[in-house]
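Participant: I'd like to ask some things about the structure below.
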Amino acid sequence: MAKYVGYKRPKDTKKTIKHLLVYLGHYKWMFMLVALLVLLSAGANVTGTYLVKPVVNRFIVPGDMEGLLKAVIAMGVMYACGALCTLGYNRIMVKVSQKVIQDIRNDLFAHVQKLPLKYFDAHTHGELMSRFTNDVDTVQEAMNNSFAMIIQSFIMLFGTLIMMMVLSIRLSMIVVVFLIIMFLFIKFNSKHSKKYFNRQQEELGKINGFVQEMMAGQKVEKVFNHEQKNFEKFCEMNESFRKESTNALAFAGMMIPTIVSLSYLNYAISACVGGIFTLKGLMDLGSLSSYLIYVRQSAMPLNQFTQQVNFLLSALSGAERIFDMMDEEPEVDEGSVTLCNAVKNEDGSLTECKEYTGTFAWKVPANLNTYWNSEAYKDKIKKQIINEVSDMEVTRVNNIVYPADKDNKKGSALADVSDGTYLVELRGDVRFKNVVFGYVPEKTILNDVTLYAKQGQKIAFVGSTGAGKTTIINLINRFYDIQSGSITYDGIDIKDIKKDDLRRSLAMVIQDTHLFTGTIADNSTDKKKAVHGNKLLYRWIFYIAGLVILALGIMLNTKTNLGVSPIISVPYSISNVIGFNFANMTLIVYVVFVIIEMILHTIWQFVDKSANQLGMYLLRDVLQIPVSIIFTRFLNIFSGMIPSVNNNMPVQIMLLIIAVILTGIGAAMSLNMRIIPNPGDGIVQAISDTTKLNKRKGKGVGFCKNCFDITNVTITFIIGLSTGHFLLGLGVGTILAMIGVGRVIAVFNNLFMDKMNKIAFDYVE
């Protein structure tokens with residue numbers, strides 16, 4: 001029985017379901033698989049009960065023990081299949097529901113960060129937090145349990161009724177009557193239970209709010225000696241909560257006992273009447289046996305279906321509140337002016353640059369109406385320059401656009417507009433002109449405010465609480481927009497500046513302290529992963545050890561003579577055909593892999609202009625060649641040390657399993673150190689990176705790895721077939737390596753990833 005959370009039903013069920021289906025649609029095939037498995041599970045249960053009839057009539061009554069044994073085994077197989085289907089859909093449902101909830105949480109959090117400050121002023125913190133906790137948890141519970149349970153209960157209920165009517169229509173009337181009684185009771189009980197649970201939730205909300213207020217206002221409470229009055233008020237609220245909880249739980253507690261009692265009464269009456277029918281020859285013994293089993297299991301699907309529907313509607317109500325929050329309009333940002341790093345030239349002009357210089361500038365579109373591109377400013381500058389140059393240079397002056405402001409000693413240097421923008425140095429000149437503002441239009445807080453703060457000035461706002469000091473600071477940051485007037489920043493209206501860049505240019509110490517999760521260092525800087533010198537040594541030790549273990553695993557796999565690892569199947573087959581050294585042949589093939597990687601990375605970088613890391617990728621590709629030389633030397637060493645095993649299948653299988661485990665461990669150790677990949681892994685990563693640029697959906701590394709292994713096996717098969725060697729290097733060892741190595745890597749990472757990171761790295765992302 002699902003827990004009842006007391007939420008009201010959604011206001012717009014259709015809209016909520018439509019919104020939810022967008023998230024479910026990402027995993028539609030998984031949900032269809034769940035529905036199919038639920039159908040098979042419920043079908044096996046219903047069908048298995050009906051099989052009791054032929055078992056009793058054909059085998060038990062005649063005393064056919066051999067036939068009975070076969071029938072029982074067949075029923076056992078059917079129920080086992082049903083149990084496996086149940087296990088399957090439960091595991092799939094849990095996995096898929098967690099992914100859906102993850103998507104919802106991510107989208108909800110991302111959207112909340114985009115909401116304007118006024119939205120948070122209009123909603124309490126507790127109300128907003130309940131969206132991430134109570135509402136999301138309710139949706140999660142419904143997806144974990146209700147989705148599959150509703151389908152199963154529906155199939156079980158109607159399947160049971162149909163099979164009961166097939167067995168005996170007359171007896172089925174008794175069950176139908178009792179099911180109607182159960183349904184009416186469930187509806188009556190749910191109505192009253194819902195009413196009291198809603199009241200319980202309201203009282204609980206009052207208590208939570210009161211306790212939160214008391215905890216936050218302990219100083220005030222103690223100063224005014226208000227402890228006793230607050231305690232009396234809390235006792236009153238707690239008593240109200242107790243009464244509503246008692247009523248809610250009383251009705252909820254009646255549900256199961258009443259349904260069970262009615263089902264027992266239904267069973268007793270059906271058994272008596274069915275026995276009479278059997279004695280009079282109106283019904284055979286097998287039919288009665290199946291029918292009574294159906295009677296015992298008829299009540300539970302109805303109860304489950306009703307409860308799950310109510311719980312599903314409650315979950316939809318929680319989802320509705322989540323989606324309502326997502327539908328809130330995000331903070332509007334129509335600004336076009338951005339902040340950038342700049343270098344000041346000798347003539348006072350500015351040039352944009354990427355590196356940090358300590359000088360910042362506003363990047364202003366040339367067509368934006370600001371003081372700096374006004375005709376008055378241009379005429380002023382031209383007059384200043386004309387006074388300083390000869391007549392021969394007047395023509396050149398008429399062609400200039402924005403030189404440095406000679407009147408301003410600190411300079412308001414402006415750049416050329418060849419790219420459609422010009423630069424204004426960030427100085428910190430803030431000016432309010434006839435500003436009118438109110439948090440609500442009908443109530444003005446600031447009326448016709450005019451002030452300025454020049455570069456380097458120190459200004460203090462003094463006034464009583466509520467005078468508008470904090471409001472002015474909030475307006476500079478554009479947490480709110482003014483109703484009329486203007487606020488300029490270095491001669492630029494702040495409405496024209498992108499909000500992120502505007503706020504990035506300001507330093508603000510807020511009264512309410514807040515630290516983000518993490519250390520003080522984490523809050524003060526965007527620290528990336530750092531590695532000490534000794535840690536770097538540890539990384540290389542683990543990396544080399546991983547290569548050694550990987551080479552040992554591959555060579556041990558080869559020496560079992562049950563098939564080689566797919567990644568080296570091609571060089572193995574070629575070396576056997578032409579009589580060339582296996583390790584050296586592997587080196588040649590790895591060099592070919594590196595060349596293909598370089599080609600793929602070049603294509604990727606030219607297609608994806610934003611990547612701009614071709615040099616780094618090519619360098620890493622080239623460094624794989626010396627790694628390959630080291631790796632293949634280890635192959636040679638282990639080839640001479642490990643003898644071949646033939647005609648001893650148990651030993652071969654045991655060594656093969658060890659080889660797969662070692663291969664997985666070695667691959668995991670070398671990959672986790674993130675230094676230089678083995679060419680066999682590097683080419684898979686390159687293929688994955690390149691395919692992601694395809695207009696079709698990009699494939700992950702795992703998919704590309706499987707495709708690459710299959711390609712190697714196919715080439716090896718063709719080489720063997722064309723040279724008369726047939727399955728050269730291919731066998732059960734190849735298949736086991738394809739399947740098992742990836743699983744070993746996953747298990748190894750799950751067990752030792754954190755420990756390896758702690759050993760090799762100072763900071764783990």
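Participant: Among the listed pairs Lys70/Lys95; Lys219/Lys454; Lys18/Lys194; Lys354/Lys499; Lys99/Lys755; Lys222/Lys458, which have their C-alpha atoms separated by more than 31 angstrom in this model?
Facilitator: Lys70/Lys95; Lys219/Lys454; Lys222/Lys458
Participant: Moving to a separate point now. Roughly what percent of Cα-Cα pairs across region 534-760 reach past 31 Å?
Facilitator: Taking all Cα-Cα pairs of region 534-760, the fraction more than 31 Å apart is 21 percent.
Participant: Just rank Ser464, Ser688, fewest to most, by other beta-carbon atoms within 10 angstrom.
Facilitator: Result, fewest neighbours first: Ser464, Ser688.
Participant: May I pose another question? With equal scatterers on the alpha carbons only and no solvent term, can you work out the Debye log10 of I(q)/I(0) for region 183-324 at 0.10, 0.13, 0.14 1/Å?
Facilitator: For the requested q values the scattering log ratios are -0.59, -0.79, -0.84.
Participant: How far apart, in nanometres, would the label points at His192 and Val436 be if each is projected 7 angstrom from Cα along the Cα-to-Cβ direction?
Facilitator: 6.1 nm
Participant: Let me ask something additional. First measure r as the distance between the Cβ atoms of Ala467 and Glu328, then evaluate 1/(1 + (r/R0)^6) with R0 = 35 Å and state the FRET efficiency to the nearest 0.05.
Facilitator: Here the calculated transfer efficiency is 0.70.
Participant: For region 53-125, which trypsin sites (Lys or Arg not before Pro) are both in a DSSP coil and crowded by at most 15 other Cβ atoms within 10 Å?
Facilitator: Taking region 53-125 and a limit of 15 other Cβ atoms within 10 Å, the loop trypsin sites (Lys or Arg not before Pro) found are Lys114.
Participant: Glu346 to Glu221: extension gain in nm, 0.36 nm per residue of separation minus the Cα-Cα distance?
Facilitator: 38.6 nm
Participant: Can you figure out the FRET efficiency of Ser245 with Leu68, using R₀ = 60 Å and their beta-carbon distance, to the nearest 0.05?
Facilitator: Taking R0 as 60 Å, the efficiency between Ser245 and Leu68 is 0.65.
Participant: Rank the residues Tyr590, Tyr543 as a footprinting-exposure proxy: fewest other Cβ atoms within 10 Å of their Cβ go first.
Facilitator: Fewest-to-most ranking of Tyr590, Tyr543: Tyr543, Tyr590.
Readers should treat all values here as calculations from the given coordinates under stated rules, not as data from a laboratory. Keep in mind the model is a prediction, meaning the values are calculated, not measured. Virtual Cβ from ideal backbone geometry, glycine too; neighbours counted across all protein chains shown.
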